[in-house]
1. Residues Val200, Val196, Val260: which one is farther than 15 Å from Ser335 by Cα and buried (at least 20 other Cβ atoms within 10 Å of the Cβ)?
2. Name the pairs: first residue in the range 217-246 and without any contact (Cβ under 8 Å) to a residue 60 or more places away in the chain, second residue of a type outside the set (A, V, I, L, M) and not in a strand (DSSP E or B), Cβ to Cβ under 7 Å, at least 6 apart or on different chains?
3. Please verify whether Gly267 is of a type outside the set (Val, Ile, Thr), in contact with a Leu (Cβ under 9 Å, 6 or more places away or on another chain) and under 30 Å from Leu179 (Cα atoms), treating the condition exactly as stated.
4. Only one residue in Arg197, Arg209 is in the same structural domain as Leu364 (by the TED database), within 20 Å of Cys386 (Cβ to Cβ) and either modelled with pLDDT of 95 or more or out of contact with any Lys or Arg (no Cβ under 9 Å at 6 or more places or on another chain) (or both), so which one is that?
5. Is it the case that some residue within the range 170-189 is of a type in the set (A, V, I, L, M), closer than 30 Å to Thr250 by Cβ and at pLDDT 95 or above?
6. State yes or no: is Leu349 of a type outside the set (Asp, Glu), modelled with pLDDT under 95, buried (at least 22 other Cβ atoms within 10 Å of the Cβ) and in contact with a Gly (Cβ under 8 Å, 6 or more places away or on another chain)?
7. Mind counting the residues in the range 208-234 that are in contact with a Leu (Cβ under 7 Å, 6 or more places away or on another chain), outside any strand (DSSP E or B) and more than 19 Å from Asp315 (Cα to Cα)?
8. Could you grab the pairs with beta carbons closer than 6 Å, sequence gap of 6+ or different chains, first residue in the range 102-119 and free of Cβ contacts under 8 Å to residues at least 60 places away in the same chain and assigned by the TED database to the domain that holds Ala14, second one surrounded by fewer than 18 Cβ atoms within 10 Å (Cβ to Cβ) and aromatic (Phe, Trp, Tyr)?
Amino acid sequence: MPNLFDLLIVLGVAAAASAGWRLGFLTRVASWLGAGAGLLVALRALPWVVDRIEGAGALRLALTGGGVIVAGVSIGSLLGLVVGNRLRSAVSGEALNPVDRAAGAIVGGLGVLVAVWLLVPLMTNFSDVPAEQARTSRIARAIEDVFPPPPDGVQALRRVIGADQFPRVWNALHPTPDLVAPPTATGLDEEAAAAVRRSVVRVEGTACRRIQLGSGFVAAEGLVVTNAHVVAGQDDTSVVRDDGESLDATVVHFDPATDVAILRVPGLDRPALALVEGEVGDVGGVFGHPNGGDLRIAPFELARRVTATGTDIYDRDRVERDVLFVATELSPGDSGAALVDGDGEVVGLAFAIAPDTDGVAYALSTPQVVAALDAAGPDAVATDGCLH
């Protein structure tokens, strides 16, 4: 069965080419340039606008972000059309020759392909039909192979619409794998689970006037492991122990590529959890704080282990990670949680959730955590910029 998104792209290219034939090269180019300028202005304004809608839900943020983009593109396109018509009249009069018409048709079709290039990363952040159509589109995949990564502003809008701060594990069009259903039990006995609880913390802080919450665990004396995206842009990071005591933390290692951060916490006084390499089929519990709430232990099964090509936490550079595919039900706030096997040992670090499929999450393998611990120094390091 033909992909519906491919069909819409073909129809869009045909319609834009037809309009370009009627308008001519100068008018069509001016219209697209105006739309592009409007888009750039909207993308630059978007973080400023969203940052001032405090407490807004995901739907309101999505509608606001979409409205800013549509307004910018529409106004820019209209202004470009007016300018283009005047330029065409001044250069060649009212008549259009076949070469001018053909060039206008080509530019019109290319404009639609550029629009697809910008749209696909947003579609893949939804669930069900939009993401499935984008990921199975042959035309969209060809565009992704030929075009460079979309501009940073588009990635900012992707976060607004998706209402998450997770890094991209895969490139935009890589399909989320089908995994086994999450298990119903962790395999941890009560004594082992109680011991792990003592070494798990909630991580919190503010960045660009927004509260960021996550999870973490003790991996060495006075050191807590979490995700880089949990503490990005913070200068007031703290951790909350199992007994409710809040302690100031200093970021001593920050890796936006792998998405690992190490926190030094004076007075932590909690035992370190052992780290071992996980194997496919391992079952255990994810010790996290979903949505910044109380500790929850979510059963998991390690389904696959692959080298995944995605982006760093800022969606700027392509990176490779050693990733564990995990069958489990996680939520925002579980980032940085320890995946603990039945023996009470850490086999992975939770860092992302599949945006379009329930019951699928991603974790970093423990060798990457060990490397981060080895790289951690005694002094504070910069946590770079905010994610929004």
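The values are calculated or read from the model by the stated rules, or taken from the named source; none is laboratory data. Computed from a prediction, not measured in an experiment: that's the story for all the values here. Counting neighbours? That spans all protein chains shown, and the Cβs are built from the backbone with ideal geometry, glycine included.
1. Only one candidate passes the filter, namely Val196.
2. If the second residue must be of a type outside the set (A, V, I, L, M) and not in a strand (DSSP E or B), the pairs left are Val218/Ser199; Val218/Arg270; Val218/Pro271; Gly222/Pro266; Arg241/Arg270; Asp242/Arg197; Asp242/Arg198.
3. Spelling it out, it is not the case that Gly267 is of a type outside the set (Val, Ile, Thr), in contact with a Leu (Cβ under 9 Å, 6 or more places away or on another chain) and under 30 Å from Leu179 (Cα atoms).
4. Arg209
5. No: the range 170-189 contains no residue that is of a type in the set (A, V, I, L, M), closer than 30 Å to Thr250 by Cβ and at pLDDT 95 or above.
6. no
7. Count: 1.
8. Hits for this filter: Trp117/Phe147.
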